[in-house]
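**Student:** Mind having a look at this structure? Questions to follow.
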Amino acid sequence: MKKVLILGGSGFVGRHTCEQLVRAGWHITVPTRRLSQAASVQHLPGLTVLKANILEEADLRSLLPGHDAVINLVAVLHGDAARFERIHVELPAKLARACQALGIKRLLHVSALGADPLQVERAPSLYLRSKSRGEAVLRAAEGLALTVLRPSVIFGADDRFLNLFARLQSLFPLLPLAGAHARFQPVWVEDVAQAITHCLEDVHTIGQTYELCGPQVMTLAELVALAGEASGHPRPIIALPAPLARLQAWLMELAPGEPLMSRDNLDSMRIDNVAGGQLPGLAALGIKPAAVAGIARAYLGQQDPWFGVRAR
């Protein structure tokens, strides 16, 4: 019996990964602090949900026995330096120590495009610096059979990216946009899940780092326009100059809940979120990446971005 522990298994990428791994014959454990948060995967055959706080090293050690591998999908996009450090650096460090203590070697770690453990301080944002340090911690840990995957921005039917911009365009007559000229190479969540599954089962991926990107490079403004057109709510997009962009991001940070955009997000967008060409990508894993336009039109065109399924 092949058994894998997935940290972050109830999240966006985690749900799709769990579905593909179940089809591949894996038995899966998904820890969560609140059992209700894992409702989307609890129905999958061969999947067990356990209540645990993975930020506590003792809980990690209690979860690991009996597993052949671990996948770490846990990440946050917003927060202060302490939050990024806790999630992106301290958690991988605790996980590495727990794996070493219990003799579990195989570990897949999903990082981020733009992370570089060899040039941590050159990264333009807290997010990318913490992602870089998290990779460095795992690479320094002895005895791990590590594979690192660095995706660009991930899209899919239940994403919080294109769906968000479609929703905003359904509510407002125009869209002032910070970071409009930032470049991305969006990758489909199913391709990311397939890459994770492939890497887990192929020992030749051990020690490798993969950049997971789609076939198209698009600016943020182009992606937002696609979301509006596909959902039936195209709106004029106004690219904000840098000072106004930072003001907008700061105001969004003040709103309750997770911000739509932060100043740290803008800092991350100072470098292109595209494949560098020096590392293997999806093609090296035998995956032909899907283009964003066709898939986005399929799922955004079937739903009203605010109220759910559109009446036909």
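**Student:** Where in the chain lies the longest segment free of chymotrypsin sites (Phe, Trp or Tyr not before Pro) that are both loop residues by DSSP (not H, G, I, E, B) and have at most 14 other Cβ atoms within 10 Å? Walk me through the intermediate numbers first.
**Tutor:** Working: sites that count: Trp306, Phe307.
Longest gap between qualifying sites, sites excluded: 1-305.
**Student:** Over the residues of region 43-126, compute the C-alpha Rg and express it relative to 2.2 N^0.38 Å. Mind dumping the intermediate values first?
**Tutor:** Numbers: Rg = 14.5 Å, N = 84, 2.2 N^0.38 = 11.8 Å.
For region 43-126, the normalised Cα radius of gyration is 1.22.
**Student:** Something else: On a full-extension model of 0.36 nm per residue, what is the gain between Asp202 and Arg83, subtracting their alpha-carbon distance, rounded to one decimal in nm? Display every interim value, and only then the final one.
**Tutor:** Numbers: separation 119, 0.36 × 119 = 42.84 nm, distance 3.33 nm.
Difference between extended and current length: 39.5 nm.
**Student:** A follow-up question, please. Looking only at Cα atoms, what is the convex hull volume of region 144-193 per residue, in Å³? Kindly include the intermediate steps, with their values, before the conclusion.
**Tutor:** Values: hull volume 5.4 nm³, N = 50.
Measuring per residue, one finds 107 Å³ for the Cα hull of region 144-193.
**Student:** Using alpha carbon coordinates only, what is the Rg to Rh ratio of region 202-312, with Rh defined as the Kirkwood radius? Provide the component values of the computation, followed by the final result.
**Tutor:** On the way: Rg = 17.9 Å, Rh = 17.2 Å.
Across region 202-312, the Cα-based Rg/Rh ratio is 1.04.
**Student:** Go ahead and collect, in residue order, the members of region 12-35 whose backbone nitrogen is under 17 Å from a label point 7 Å along the Cα-Cβ direction of Asn53.
**Tutor:** 31-35
**Student:** Next up: Based on the inverse mean of 1/r over its pairs of different Cα atoms, what is the Kirkwood hydrodynamic radius of region 81-211, in Å?
**Tutor:** On the way: mean 1/r = 0.0605 Å⁻¹.
Value: 16.5 Å, from the Cα pair sum.
**Student:** Put a dot 7 Å past each Cα toward the Cβ at Val217 and Asp272; how far apart are the dots in nm?
**Tutor:** Using points 7 Å along Cα→Cβ, the separation is 0.2 nm.
**Student:** Determine the calculated [θ] at 222 nm for the chain from helices alone, applying -39500 (n - 2.57) to every DSSP H run no shorter than 4 residues and normalising by the residue count; nearest 500 deg cm²/dmol. Can you show the working numbers first?
**Tutor:** Working: 11 runs with 113 residues, N = 312.
Calculated at 222 nm, the ellipticity per residue is -10500 deg cm²/dmol.
**Student:** Just to be sure I understand: of the beta bridges DSSP finds with both ends in the chain, what percent are antiparallel, rounded to 5?
**Tutor:** Taking every DSSP beta bridge with both residues in the chain, the antiparallel ones total about 10 percent.
**Student:** Let me ask something else. Rounded to the nearest 5, what % of the DSSP beta bridges within region 27-154 are antiparallel ones? Present the calculation step by step, with values, prior to reporting the outcome.
**Tutor:** On the way: 0 of 14 bridges.
Antiparallel: roughly 0 percent of the beta bridges in region 27-154.
**Student:** Using only the alpha carbon atoms of the chain, find the Kirkwood hydrodynamic radius as the inverse mean reciprocal pair distance, in angstroms to one decimal. Before the final figure, lay out the partial values.
**Tutor:** Working: mean 1/r = 0.0497 Å⁻¹.
With all distinct Cα pairs of the chain included, I get 20.1 Å.
**Student:** Additional query: Could you list log10 I(q)/I(0) for region 203-245 at q = 0.32, 0.33 Å⁻¹, which the Debye formula gives when each Cα is one point scatterer?
**Tutor:** Normalising to I(0) and taking log10 leaves -1.08, -1.10.
**Student:** Could you grab the relative contact order for region 32-159? Cα pairs under 8 Å, six or more apart, rounded to a whole percent.
**Tutor:** 24
**Student:** Longer than 21 Å from Cα to Cα, which of Lys3/Lys105; Lys3/Lys288; Lys3/Lys131 are they? Say none if no pair is.
**Tutor:** Details: Lys3/Lys105 13 Å; Lys3/Lys288 27 Å; Lys3/Lys131 27 Å.
From the list (Lys3/Lys105; Lys3/Lys288; Lys3/Lys131), the Cα-Cα distance tops 21 Å for Lys3/Lys288; Lys3/Lys131.
**Student:** Between Val120 and Val22, take the C-beta separation as r, use R0 = 51 Å, and let me know the FRET efficiency to the nearest 0.05. Don't skip to the answer; put the middle values down first.
**Tutor:** Working: r = 36 Å, r/R0 = 0.71.
The value I calculate is 0.90.
**Student:** Mind putting together the pair-distance distribution for region 1-43? All Cα pairs, 5 Å bins, whole percent per bin, short to long.
**Tutor:** 5, 25, 38, 22, 8, 2
**Student:** Could you check how many percent of all C-alpha pairs in region 152-261 are farther apart than 20 Å?
**Tutor:** On the way: 3015 of 5995 pairs.
The proportion of pairs with Cα distances above 20 Å equals 50 percent.
**Student:** Moving on. Over region 1-150, consider all pairs of different Cα atoms and compute the Kirkwood hydrodynamic radius from their mean reciprocal separation; express it in Å, one decimal. Write down the numbers at each step before the final one.
**Tutor:** Working: mean 1/r = 0.0645 Å⁻¹.
15.5 Å is the Kirkwood radius here.
**Student:** If you place +1 on the Cβ of every Lys and Arg, -1 on the Cβ of every Asp and Glu, and leave all else neutral, what size is the dipole of the chain about its Cα centre, to the nearest 20 Debye? Each step should come with its number before you reach the end.
**Tutor:** Working: 31 positive and 27 negative charges, 67 e Å.
Dipole of the chain, to the nearest 20 debye: 320 debye.
**Student:** Related question: Scattering from the C-alpha atoms of region 94-136 alone, worked out with Debye: what is log10 I(q)/I(0) at q = 0.30 1/Å?
**Tutor:** For region 94-136, the Cα-only Debye profile gives -0.95.
Every number here is computed from the coordinates shown, using simple stated rules; none is lab data. Not measured: the values here are computed from a predicted model. Cβ: placed from backbone, ideal geometry, glycine included. Neighbour counts: every protein chain shown.
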